[in-house]
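Take a look at the structure below.
We did not get these values from a lab; they are worked out from the coordinates using the rules stated. The shown structure was predicted, so the numbers you read here are calculated from the model rather than taken from an experiment. With ideal geometry, Cβ positions are generated from the backbone for all residues, glycine too; neighbour counts draw on all protein chains shown.
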Amino acid sequence: MRRIAAVSMTPFEPIAATPDESAAVSPVERACWILKAVAGLEETRLTDIARHCGLHKTTALRLIGILEKEGLLHRDPDTRQYALGPEVARLGMAARERVDWRGVVRPALMRLSSRWGDTSIFSVLSNVELVCVDLQTGAYPIQANYQQVGSRRSLGAGSSGIAVLSALPEAARRTAFQRITAHLQQFPGITPDLLDERIAFARANGYSTLLNVVVPEMGGIAVVVRDADGWPVGALSMPSLASRINAREREMAASLKQEAAEIERSIAPLAIRAR
């Protein structure tokens, strides 16, 4: 059964599936790594891209040449930096026409941030990552958000990813764990035991929290958003000071659940079923 397209916009923090020149990885996969790297890295010269993707420079150059030819990449002759080409914008617009996530979620984000004063975020599921497609800043003077539209985060690296993991079937969750383990090593506080405990909490309570783990005194609270078949397509979250979440956890969770239900009702007619 096909699912609603999880549209990624400007990727950030791309995850290559353990890049290794000797691994049985297709050229298409490597080309995808390159596109994600160019979209997310600050420095995008050939050496930067090759290093990030775990590719030899000759391999990266060959694939980049093909992507340039197809209009997916463009090289600035002065800075030697690569950028996404015009064809990426065209493809993005075509994907956006399929599911206008911003149009669907913006009212919910505005209500959440207006009520609670903190930033609210909606992210869509893309493979084993969540991609921020829209956010709304609140009025509280201290904002605990480190994301921007297009930012990518591995499942498990925050409350949103934990919410999604908790909603996956067991087999899919095991597969996701295999993919994200290496990436999560950059977060020493996120251990397998902690993930198991946080996922169990999310499954029991219908929302997830991750506090004082990635950044001291900061955290997030999130709920999963599902399609008409019950499959997770994204997450609605609010990063905040850990103390603010602790003081209002149940109330914030109830608001997130209410808004997630509204989003689910909006996207239910868009679900694509293959008989």
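Laid out as a table, the results:
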quantity: Euclidean distance of C-alpha centroids, region 170-187 and region 131-153, integer Å; calculated: 24
quantity: Angle between the chain longest axis and helix 242-267 axis [Cα atoms, degrees, rounded to 10]; calculated: 70
quantity: Set of region 138-170 residues, backbone N closer than 18 Å to the point 7 Å along the Cα-Cβ line of GLU217; calculated: 140-146
quantity: Difference of contour (0.36 nm per residue) and Cα-Cα distance, GLN186 to THR137; calculated: 14.9 nm
quantity: Helix-only CD estimate at 222 nm, as mean residue ellipticity for the chain, using -39500 (n - 2.57) per DSSP H run (n ≥ 4); calculated: -15000 deg cm²/dmol
quantity: Order of LEU211, LEU155, LEU130, LEU194 - criterion: other Cβ atoms within 10 Å of each residue's Cβ, fewest first; calculated: LEU194, LEU211, LEU155, LEU130
quantity: Placed amide H near ASP134: partners under 5 Å, 5+ positions off or other chain; calculated: PHE122
quantity: Which of MET238, MET252 has the fewest Cβ neighbours within 10 Å, and the rest in rising order; calculated: MET252, MET238
quantity: Rotationally averaged projected area of the chain (alpha carbon convex hull; nm²); calculated: 15.5
quantity: Rounded to whole Hz, the Karplus (6.51, -1.76, 1.60) HN-Hα couplings of region 127-135, x for glycine and proline; calculated: 6, 10, 10, 10, 10, 5, 9, 6, 8
quantity: Exposure proxy ranking, count of Cβ atoms within 10 Å, fewest first, for TYR82, TYR146; calculated: TYR146, TYR82
quantity: GNM flexibility winner over the chain from ALA31, ALA172, ALA202 (Cα, springs under 10 Å); calculated: ALA172
quantity: With Cα atoms, 0 to 90° folded angle of helix 170-184 axis to the chain main axis; calculated: 60
quantity: Equivalent ellipsoid semi-axes - Cα gyration tensor, region 21-94, angstrom; calculated: 19, 15, 11
quantity: Most fluctuating residue given options GLY65, GLY138, GLY161, as computed from a GNM of the chain linking Cα atoms under 10 Å; calculated: GLY65
quantity: Crossing angle, helix 57-69 versus the chain [Cα axis fit, 0-90 degrees, rounded to tens]; calculated: 80
quantity: Fully extended contour minus Cα-Cα distance, from ARG62 to SER26, at 0.36 nm per residue; calculated: 11.6 nm
quantity: Dipole magnitude of the chain about its Cα centre (Cβ charges: Lys, Arg +1; Asp, Glu -1), debye to nearest 20; calculated: 560
